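As structure tokens, the structure follows; a few thoughts come after it.
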Amino acid sequence: MRGLEDREADRLEALLLKDGSSATCPLWLIETAFLSGILASSAAPLFVEADHVDFLKPVDVGNFLRLKSCVLYTELENPTRPLINVEVVAHVTRPELRSSEVSNTFYFTFTARPEAMKDGLKIRSVVPATERRHGGCSNVWMLRTQN
């Protein structure tokens with residue numbers, strides 16, 4: 001996983017395999033959420049958990065995926081372990097038909113690295129709001145080439 005230490009990427013992969021969701025939550029998906037976590041914290045966050053996944057439509061080989069990741073809200077009550085809650089929405093896009101539909105919605109939680117908090121890192125306060133007002137958004141395009 002780019003931007004993460006090898007140890008952290010190994011931990012993420014082990015977590016995904018342990019809870020059986022590796023097929024539904026690949027690392028590239030977490031990378032997309034990770035980008036929004038950086039926008040909210042101005043530093044590389046730590047993965048806490050993958051929450052529920054909504055499967056709405058299948059994604060066929062050859063479909064383009066547009067992944068939109070946004071910080072939904074932050075939880076700052078515990079100053080030593082603030083939480084960053086991120087939503088990733090996958091859109092199946094078919095340019096030849098000029099269509100795009102939501103296929104999946106994923107939810108992730110990140111926190112700040114303890115050493116960054118000790119160094120005075122401040123997490124942005126993001127409260128639940130409309131999509132236009134989320135705390136940090138990123139977009140990633142992918143082409144689905146295999147199952």
message: Ranking request for peptides 34-41, 50-57, 111-118: highest mean number of other beta-carbon atoms within 10 Å first, then the rest in descending order.
response: 34-41, 111-118, 50-57
task: Report the calculated FRET efficiency for His52 and Lys118 (r = Cβ-Cβ distance, R0 = 35 Å), to the nearest 0.05.
output: 0.60
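Just so you know, all these numbers are worked out from the coordinates, no wet-lab data involved. Source: prediction; values computed, not measured. Neighbour counts run over all protein chains shown; Cβ positions are idealised from the backbone, glycine included.
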